Every structure is written in C-alpha cells, then in structure tokens.
Amino acid sequence: MATEEIVIPDIGNFESVDIIEILIHIGDTINLDDPMLTVESDKASMDIPAPYAGVVKEIKVKIGDKVKQGTPIALIEKSQADAKASKENLAPPKETQSVPINTVPEPTRPVAEPPPTIAPAEKPLPVAESVLVANDKASHASPSVRKFARNLGVNLGFVKGSAPKNRIVIEDIEAYVKKELTKTRTDDMGTHFAPIAMPNIDFSQFGSVETKSLSKIKKISGANLHRNWVTAPHVTQFDDADITDLEAFRKSMKKEAEKKDVKLTLLAFLMKACVNALRAYPVFNSSISPDGESLIMKQYFNIGFACDTPDGLVVPVVKDVYKKDVLEIAYDLGDLSNKARERKLKMDDMQGGCFTISSLGGIGGTKFTPIINCPEVAILGVSRSAMQPIYNNETKAFEPRLILPLSLSYDHRVVDGADGARFTTHLRAMLSDVRRLLL
C-alpha cells in the first residue's frame with residue numbers, strides 16, 4: 001500500500017488561511033471526501049476533504065497554523081480498495097458492443113443522464129459563511145460543526161460560541177444540549193407560544209464593554225420571576241393609605257421595642273394588617289392547583305417579604321403571623337433580614353409563604369407593579385410614604401397627612417377586580433386606624 005502526502009488544494013483568492021479545527025487523528029481510517037480539517041479566512045470557513053480513503057500515518061499541521069495552497073497537511077496510507085479503484089479509473093474503457101443491423105433493439109424508457117463526476121482534486125470545497133438563522137442571529141461555525149448540529153437538531157442561532165470571534169465548536173453544541181436536557185419540563189409544554197429569542201448583538205462595536213457573571217441567586221430568581229410573569233395573568237390595583245396615626249404610634253413604641261432589642265418598622269404593622277385582610281378575603285390566601293381545576297385554601301398565615309441583598313433578591317417567610325403580636329413579628333423580621341445579608345438563610349426560612357410584601361419605602365418611588373411570587377396568588381408592593389394635603393370634610397380645610405402608596409398585584413385567574421379593590425380598601429382601613437389591628 002502506497003503512502004501519499006495530502007496538501008492544501010486550491011482555496012481561492014486567499015494568500016493564507018488559519019487552521020481552526022483538526023478532525024483527524026493518527027491511526028484514523030478515513031473515507032473519500034471525509035473532512036480532515038477546517039480552515040478559516042476573513043470571510044468564510046471551509047472543510048478540507050480527503051482526496052482518497054486510507055489510514056492517517058502523520059499529521060503535519062496544528063490548530064492556529066497558517067497554510068496556503070500546496071502546504072502539506074498529512075500522510076495517508078491509501079487503502080487497497082482505493083488504489084484498485086484508481087487503477088480501474090486509469091484503464092482504457094472497453095469498446096461498446098455494436099448492435100447488429102438486422103436486430104431491432106427493444107424500446108427503452110429514456111433515462112436521465114447522470115451528472116458528470118468531478119475528480120476529487122477538482123471538487124469544490126464546502127464553504128460556511130456566517131449566515132442568519134431562524135432568530136436573526138449570525139452563527140459562525142465550520143461545515144463539520146454545522147453537520148454535527150443538524151444531526152442533533154440544534155439551531156445554531158441559540159448556541160453561544162466560545163472560540164475566537166464567537167465561533168461555535170462542537171463542545172459548545174454539546175454544552176447547549178446538556179443545558180436544554182436539564183431544564184424543567186411540564187406536561188403542558190408545547191401548548192404555549194414560545195417567546196422569540198433575543199437578538200445576539202455585539203455591543204463592543206459601539207464602545208468598550210465589560211462582561212460580569214450573574215450571581216447564583218439572580219440566575220435562580222430571574223428564571224422564577226420570568227415563569228411567574230408568563231404563567232399568572234397579572235392585574236395591579238393601586239391605592240393610598242393614610243398612615244399618619246399609625247406612624248405616630250410606631251414612633252411612640254420605639255423605646256419600648258429597643259428595650260427588647262427589637263427594631264420596630266412599618267413592615268411589622270403591614271404584615272399584621274395583611275393577615276387581617278387575608279382572613280376577611282380568604283381567596284387571597286390560596287393557591288391554584290397544578291391542574292388548574294381547583295383552589296387550595298390555606299388555613300395558616302405565613303407572610304414573605306422581599307429582602308434586598310448584595311447577591312440579589314431573596315424572600316424569607318415569617319411563620320404564623322396571625323398568632324404573633326407586632327413586636328414578635330418585628331423580631332422575626334430583624335432576625336431573618338440579618339440571616340439574609342449574612343447568607344445564612346435555610347431553605348425552611350424561605351418556604352411556606354401565603355402572601356408576599358415587597359417594600360421599597362426605604363429607597364423611594366411612588367408606585368410599581370410587583371411580580372407575584374407563585375404559587376401564591378397576590379403580592380403587595382409598598383412605596384415611599386410622603387406628606388400630602390388631604391381635605392377634611394369636618395373642618396372644611398386641608399390637613400397634612402402621611403400617605404402610603406400601595407400596589408396590589410394578583411392572579412386574575414383566581415382573583416377578580418372587585419375583590420382586588422375590596423382587599424386594598426380593607427387594608428387601607430386597617431392602616432388608617434391602628435386600633436382596627438386589635439380586632
């Protein structure tokens with residue numbers, strides 16, 4: 001068996017190209033036209049096919065080398081079958097047997113003439129430009145990688161390349177498939193419209209950029225928030241509560257709370273008021289069953305609160321709020337907040353919630369639309385309180401009153417607009433008169 005040297009064939013009008021992928025190894029048995037390596041120019045990438053079958057004896061190039069037409073790339077020991085085929089191709093064709101004059105040939109159907117065979121050395125190289133795929137994302141990959149993706153049914157538009165110039169390699173496709181297989185699946189998948197993929201934009205073309213990885217908490221909470229927003233049809237009811245008297249009472253209780261090493265905040269009173277409203281309107285203390293056919297009515301009252309930490313948003317849960325007074329609630333709030341900031345929260349501290357409060361009062365803002373913490377059916381957003389002139393019908397004059405903006409988001413599959421308005425009205429009454437919290 002003869003050993004032949006394989007060289008780079010005609011690659012067009014390029015002085016040199018870079019080797020970006022080597023697809024063969026010493027000892028491999030390859031067939032005619034099998035891709036041996038992938039080269040890349042400024043405009044395209046292409047596979048170099050094997051001109052004949054055989055066994056790879058030596059590889060003379062490595063990834064990153066610059067090559068041009070005629071550059072040796074490998075030594076291949078040609079197979080006997082391939083050598084025999086080569087000899088047969090070189091042998092002169094036999095003379096065609098003529099048909100006797102007195103013999104009429106049997107009529108045959110016309111047969112389409114086969115396309116002319118192109119010699120291996122003249123066979124055009126497959127070129128893979130960076131083309132747009134279904135989601136308008138430019139994918140940059142070699143022909144062999146594209147073939148690998150097609151075999152797995154992977155749309156390269158959703159794969160992020162890790163090689164230079166964001167080029168996609170086989171390892172990127174394998175990582176994408178593994179990630180897709182580990183995603184949570186539900187029985188009703190395929191019954192909803194799939195969101196259009198975000199375009200892949202190279203922001204560095206507009207200026208300098210820096211890439212930072214998301215924290216683990218933000219990755220988890222981001223996926224949950226997206227699921228909750230898509231799953232539950234949100235409606236937000238806005239209202240204002242007069243907390244002038246409540247704030248005065250809270251300040252008068254600060255010294256007593258400090259003696260018990262408790263920081264008495266407005267959130268403790270909000271939790272107490274929310275439990276009162278949940279008892280009055282039990283539908284807000286429910287969850288829709290997984291099959292969507294019934295409501296699970298809860299007989300306990302656990303209130304979660306959104307807690308901002310350096311790593312992202314977490315939602316600790318204060319248990320059995322109905323059984324506790326305001327000072328006990330305030331103590332639990334302080335304890336859970338400290339654990340959240342010190343990254344000491346346990347899974348039990350963030351489970352079992354019935355209703356959630358997201359308070360931005362310490363930061364600012366007027367109103368916002370909080371996202372429901374499913375499988376709960378409602379969440380209360382609280383913004384920054386401010387003094388406003390409120391007209392008093394009894395005194396016929398405007399009085400300065402401390403007004404707290406409220407934003408109640410609820411799942412419209414479970415709660416209708418009328419109950420939403422009733423809930424905020426009840427909550428407003430609880431907060432406007434602190435004595436009602438004792439009822």
- request: Return the residue satisfying two criteria in turn: it lies in segment 39-48 and is assigned to a loop (DSSP other than H, G, I, E, B) and touching a residue at least 60 places away in the same chain (Cβ under 8 Å), and of such residues it is farthest from Lys62 (Cα to Cα).
  value: Lys43
query: Of the residues in segment 187-211, how many are under 17 Å from the mean Cα position of the chain (by Cα) and modelled with pLDDT of 85 or more?
result: 1
field: Pairs where the first residue, in segment 61-81, is not assigned by TED's automatic domain parsing to the domain that holds Ser45 and the second is among the basic types (Lys, Arg), C-beta under 9 Å, 6+ apart
entry: none
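Name the residues in segment 254-265 that are within 22 Å of Arg401 (Cβ to Cβ) and surrounded by fewer than 18 Cβ atoms within 10 Å (Cβ to Cβ), would you? Please lay out each step first, then the result.
Taking segment 254-265 as the starting set, the residues that turn out to be within 22 Å of Arg401 (Cβ to Cβ) are 254, 264-265.
Lys254 - this is the single residue of segment 254-265 that is within 22 Å of Arg401 (Cβ to Cβ) and surrounded by fewer than 18 Cβ atoms within 10 Å (Cβ to Cβ).
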- prompt: Looking only at helices (runs of 4 or more DSSP H) that fall completely inside segment 212-288, which ones have 2 or more residues that are farther than 30 Å from Ala429 by Cα, within 34 Å of the chain's Cα centre (by Cα) and at pLDDT below 95?
  reply: 216-231
Complete set of residues in segment 39-51 that are hydroxyl-bearing (Ser, Thr, Tyr) and either buried (at least 19 other Cβ atoms within 10 Å of the Cβ) or closer than 14 Å to Pro72 by Cα (or both): Ser45
query: Does Arg343 fit the bill of being exposed (fewer than 13 other Cβ atoms within 10 Å of the Cβ) and over 27 Å from Gln299 (Cα atoms)?
result: yes
task: Would you check if there is a residue in segment 315-338 being among the basic types (Lys, Arg), farther than 18 Å from Ala273 by Cα and either at pLDDT below 95 or over 27 Å from the mean Cα position of the chain (by Cα) (or both)?
output: no
query: From the list Arg401, Arg384, which one is touching an Asp or Glu at 6+ places or on another chain (Cβ under 9 Å), more than 22 Å from Asn285 (Cβ to Cβ), surrounded by 13 or more Cβ atoms within 10 Å (Cβ to Cβ) and not small (Gly, Ala, Ser)?
result: Arg401
- request: From (1) surrounded by fewer than 18 Cβ atoms within 10 Å (Cβ to Cβ); (2) in a strand (DSSP E or B); (3) among the hydrophobic types (A, V, I, L, M, F, W, C), pick out the condition that doesn't hold for Ile63.
  value: (2)
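Filter segment 11-38 down to the residues that are assigned to a loop (DSSP other than H, G, I, E, B), without any contact (Cβ under 8 Å) to a residue 60 or more places away in the chain and out of contact with any Lys or Arg (no Cβ under 9 Å at 6 or more places or on another chain), then identify the one that is surrounded by the fewest Cβ atoms within 10 Å (Cβ to Cβ).
Here the residue is Asn13.
The values are calculated or read from the model by the stated rules, or taken from the named source; none is laboratory data. As the structure is a computational prediction, the values presented were derived from the model and not from experiment. For neighbour counting, all protein chains shown are included, and Cβ atoms are generated from backbone atoms with ideal geometry for every residue, glycine included.
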